[in-house]
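Trainee: First the structure, then my questions, so here it is.
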Amino acid sequence: MSSDRKSELYQEQNHEELEFEPYAHHPSAPAHESFDISTTVDPSYVIALIRKLLPSDVKDGEKDALELDKGLKTKELEEHAVNLSENEGEVEAMDTAHNIGEVDNKEAVDEELQHHHDKHQGGMVGEETWEECGCILWDLAASEDHAEFMIQNLILDVLLATLTVSQSSRIAEISLGIIGNLACHETSRKQISSTNGLIKVIVDQLFLDDVPCLCEAFRSITLCLQGDEGVVWAEALQAEQIISRIFWIADNTLNLQLIEKSVGLLLASLESQKEVADILHLPLMKFGLSALLINLFASEMSILTGERTPERYEVLDLILRTIEALSVVDEYSQQICQNKELFQLLNILVKLPDKIEVANSCVTAAVLIANILTDAADLASDLSRDPSFLQGIFDIHPLASSDVEARSALWSIIARLLSRVQESEMSPSNLHLFVAIFATKVDLIEDELLDHELDDVEHESSATCGTKANAKRIALKRIFDILTQWKILEDNRKKVSKEENYINEEDVDKLLNICNKTWGSCIMDHC
């Protein structure tokens, strides 16, 4: 919304407030607390915005709407509304009389409320004005202080009433957007979960056919599912029709944002607290979560290997992260590890050239492969005969330089592959290919040992030999053996050397020295 339109809206609302409250006062806010509107943000303004959203036909009719409107006004009176802007770090209280005028008794409040209600023909403004007020509140809800004040002044009750009666997709989107921003804050997130009937109404919005509404519904639910009150949300989501609807949306929508939000909810279901996972894992798997995720992955890979679309990269990584989260769930990891299609897709991604564009996805794929090989070690035999896969794994190393766990996963893969290589039985051409890969990565391996030695020491502090933490030692031992075998077979090396696979012997000697110097004792003892 433009600043000019917001300014016009505020002037219109402020004029109404001045008619109703002749002594209204709006102190200036400091610059760092100002919003993109040409006015300050004070309690009476926020309450006026909330009141604009109030529907007239809630439940039993206008009586209930009037009671809710009265609740907003009484709240303002009783709490001496606090200015939401901070002045040099201190919250400045506002004089109630200056905010709302002198009101001597409850009858006066009722009378003025009835006048205000009649003036707007039931309290519900037109959709255009509602949208403008709602968008301002949507922005304000991003601030924790504003969110708390909005909660105190019955914003959730108003939004619940609105979602219950409104037939407008735009109004539903804005209502859910406000709730989503409120859910970013712990205190207001608790209030959302404890507002009677609100969880059901929000979950029911998943059955709308409007993409923006669905995106905001998924966002709100995902945030709340990850909070301390996640169990009550999990209980609301576990119903068959809800799970089926989520899967249908994720599998059928062509909207990137909606794919992201729906898969994000599935990821949150897997990564949330144990109590939430215990509720949702079984129904999610019953309806084919692994098949859904692999289908989505296959679709994204088809697009990626065809014509790359940068805006889809984030969705690809999110899908992979969700598959990775599922791969570490003991009861269901076999469904991931035994899926041949998934393994083939991961293989393609690892071998993909120009990985920098999909760096996060490649790193996630490597971690996922490491998890799979832990449960399905036999798959490493086929990979060990594929030099291009090994090349791809080494190429991912620079992309994971800041991720200790990812680097550990990469070395685990390399160790598993090379442990199945019999260098004495390799053909001269294959041996040459492996050595060519190692020689081109000598600087990477040296930097890895120098830059991350401290990380590895900490990571290995409680590990025993042969575990993932010692994978680097095993890998370097095998690299040493393969390089040594290559140097012994000097005549064969000359016969197969080709320009495109040229090997600099100085690099080979340097790498042999690095392995021997750094892990000499491990090499002598065969780890």
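Trainee: Please compute the volume of the convex hull spanned by the alpha-carbon atoms of the stretch 314-372 and report it per residue in Å³.
Mentor: Residue-normalised Cα hull volume stands at 64 Å³.
Trainee: Want the number for LEU256 to VAL404: 0.36 nm per residue separation, take away the alpha-carbon distance, what's left?
Mentor: Length gained, LEU256 through VAL404: 50.2 nm.
Trainee: Which distance in nm do the two modelled labels at THR374 and ALA298 give, with both placed 7 Å along the Cα-to-Cβ direction?
Mentor: 2.7 nm
Trainee: Could you give the length gained on full extension between ASP386 and ASN516, defined as 0.36 nm per residue of separation minus the Cα-Cα distance, in nm?
Mentor: 44.2 nm
Trainee: Moving on to the next point. Going toward the positive end of the dipole of the stretch 309-410, with +1 on Lys and Arg Cβ and -1 on Asp and Glu Cβ, which of ASN339, VAL350, ALA325 do you reach last?
Mentor: Value computed over the given set: VAL350.
Trainee: Using r as the Cβ-Cβ distance of GLU357 and GLU425, and R0 as 35 Å, what FRET efficiency do you calculate, to the nearest 0.05?
Mentor: About 0.40, to the nearest 0.05.
Trainee: Could you sort ASP330, ASP403 by their accessible area in this structure, using a 1.4 Å probe and putting the largest first?
Mentor: Descending accessible area places them as ASP330, ASP403.
Trainee: At a probe size of 1.4 Å, how large is the accessible area of TRP411, to the nearest 10 Å²?
Mentor: For TRP411, solvent-accessible area is about 10 Å².
Trainee: Given a 1.4 Å probe and heavy atoms of the protein chains only, how would you sort ARG416, ARG51, largest accessible area at the top?
Mentor: Accessible-area ranking of ARG416, ARG51, largest first: ARG416, ARG51.
Trainee: Can you figure out the FRET efficiency of GLU331 with ASP209, using R₀ = 35 Å and their beta-carbon distance, to the nearest 0.05?
Mentor: 0.50
Trainee: So, with +1 on the Cβ of K and R and -1 on the Cβ of D and E, and no other charges, what is the size of the charge dipole of the stretch 205-291 about its Cα centre, to the nearest 20 debye?
Mentor: Charge dipole of the stretch 205-291: 180 debye, to the nearest 20.
Trainee: With the contact rule set at Cα under 8 Å and sequence spacing of 6 or more, what percent relative contact order holds for the stretch 206-324?
Mentor: 28 percent
Trainee: Additional query: Using 0.36 nm per residue of separation minus the Cα-Cα distance, give me the extension gain between GLU235 and ASP278 in nm, one decimal.
Mentor: This chain segment gains 14.4 nm when fully extended.
Trainee: Report the charge-dipole magnitude of the stretch 117-213 in Debye, nearest 20, computed about the Cα centre from +1 at each Lys and Arg Cβ and -1 at each Asp and Glu Cβ.
Mentor: Charge dipole, the stretch 117-213, about its Cα centre: 320 debye, nearest 20.
Trainee: Only Lys, Arg, Asp and Glu count, each charged at its Cβ (+1, +1, -1, -1), so figure out the dipole size of the stretch 213-368 about its Cα centre, rounded to 20 debye.
Mentor: The calculated dipole for the stretch 213-368 is roughly 380 debye.
Trainee: Also, I was wondering about something else. Give me the accessible area of ASP443, 1.4 Å probe, in Å² rounded to the nearest 10.
Mentor: 90 Å²
Trainee: Would you mind telling me the share, in percent, of accessible area of the stretch 289-408 contributed by carbon and sulfur at probe 1.4 angstrom?
Mentor: Carbon with sulfur: 47 percent of the solvent-accessible area.
Trainee: Ordering LEU137, LEU379 from largest to smallest accessible area (1.4 angstrom probe), what's the sequence?
Mentor: Most to least solvent-accessible, the answer reads LEU379, LEU137.
Trainee: I'd like the accessible area for ILE503, computed on protein heavy atoms only with a 1.4 Å probe and all protein chains in place. Round to 10 Å², please.
Mentor: We get 20 Å² for ILE503.
Trainee: Once the Cβ-Cβ distance between LYS340 and GLU271 is put in as r, and R0 is 25 Å, what FRET efficiency do you end up with, to the nearest 0.05?
Mentor: 0.45
Trainee: Of the listed pairs LYS351/LYS510; LYS472/LYS517; LYS472/LYS510; LYS261/LYS340; LYS355/LYS472, which have alpha-carbon separations greater than 21 Å here?
Mentor: LYS351/LYS510; LYS261/LYS340; LYS355/LYS472
The values are calculated or read from the model by the stated rules, or taken from the named source; none is laboratory data. Quantities reported herein were computed from a predicted structural model and do not represent experimental measurements. Note that each Cβ is placed from the backbone with ideal geometry, even for glycine, and that neighbours are counted across all protein chains shown. Calculation scope for accessible area: heavy atoms of the full protein, side chains included, ligands and nucleic acids excluded. Shrake-Rupley method; radii C 1.70, N 1.55, O 1.52, S 1.80 Å.
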